[in-house]
1. Give the residue that is surrounded by the fewest Cβ atoms within 10 Å (Cβ to Cβ), with candidates limited to residues of region 72-95 that are out of contact with any helix residue (DSSP H, G or I) (no Cβ under 9 Å at 6 or more places or on another chain) and closer than 16 Å to Thr44 by Cα.
2. Give the number of residues within region 133-151 that are of a type in the set (Asp, Glu) and not in a loop (DSSP other than H, G, I, E, B).
3. Considering each residue of region 204-218, count those that are on the phi > 0 side of the Ramachandran plot and of a type in the set (Gly, Ala, Ser), and give that number.
4. Kindly indicate whether Ile206 is at pLDDT 90 or above and surrounded by 15 or more Cβ atoms within 10 Å (Cβ to Cβ).
5. Which one is farthest from Leu4 (Cα to Cα), of the residues in region 117-175 that are in contact (Cβ under 8 Å) with a residue 12 or more places away in the chain, out of contact with any Pro (no Cβ under 9 Å at 6 or more places or on another chain) and of a type in the set (Asp, Glu)?
6. Among Val128, Val195, which is hydrophobic (A, V, I, L, M, F, W, C), crowded, with 23+ Cβ neighbours inside 10 Å and within 24 Å of Gly36 (Cα to Cα)?
7. What are the residues in region 58-79 that are part of a loop (DSSP other than H, G, I, E, B) and under 16 Å from the mean Cα position of the chain (by Cα), if any?
8. Evaluate region 105-124: report whether one residue or more is closer than 27 Å to Gly33 by Cα and surrounded by 14 or more Cβ atoms within 10 Å (Cβ to Cβ).
Amino acid sequence: MPLLTVSNLSLTLGTQQILRDISFTVEEGEVIGLIGPNGSGKTTLFNTLSGFLKTKDGTCVFKGQEITNASPAQRAQLGLGRVFQNFGIFREMSPEENVLVALEALPKEERKKLGDLKKKATETLRLVGLEGKAKEKASCLSGGQMRLLEIARTLASGKELFLLDEPTAGVSPKMTNDVANLIKELKAEKKTVLVIEHDLPFIAKICDRVLVLDLGQIVISGTPQEVHHHKKLQEIYFGADPTD
């Protein structure tokens, strides 16, 4: 059974249809890229999957449970984690404190299983390469390090499916590489990742499959190589007929 099944999902806001009959599945441990021009519906799809936008058209099933009408909190409790494009970390706290907040928000039974929460926070920061920054104010981190910290908080809270919205936006080439390595680490830990990106080489490096959205529809689906060579990709991004 797929970890996530999206069937015939559509969304209309006001008089404008934003998503149109979207269907796809996600297997456990997959890394799937979502690409497409600005306004194609990528972030709206994430908002719908995470429960911030509700739709009456289509269904979402996560871990065998229908979550179409579930709240964001209910989806998070099931193991769906969202990392937003705009940083949501507590800037006046240290990275260690940020991760501890996520750990302390877990149900009591889960906290007991983890044991020493401070030790778990240290292990999580080590995984994302921020152990040396554990005691500094988060506001002193670079943009890329803040992104890693957001992912660390989501990881610490026990999420199984990560929705990452442009994790490399505004970060240095080195930090882009660090984010790519972290996503590979998540995959090695059997985590599943859906990632919105405009950096096509980044997508090619980390993703098993790529979905291309245009005008609210999935118009191309395949491996990074298949999508890269698809004749429709140039038409979507540049408005050119590839046969011209």
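The values are calculated or read from the model by the stated rules, or taken from the named source; none is laboratory data. Just so you know, these numbers come straight off a predicted model, no measurement behind them. Here the Cβ is made from the backbone with ideal geometry for all residues, glycine too, and neighbour counts use every protein chain on show.
1. Asn86
2. Number satisfying all stated conditions: 1.
3. Within region 204-218, residues that are on the phi > 0 side of the Ramachandran plot and of a type in the set (Gly, Ala, Ser) number 1.
4. yes
5. It comes out as Glu166.
6. Val195
7. Matches in region 58-79: Gly79 only.
8. yes
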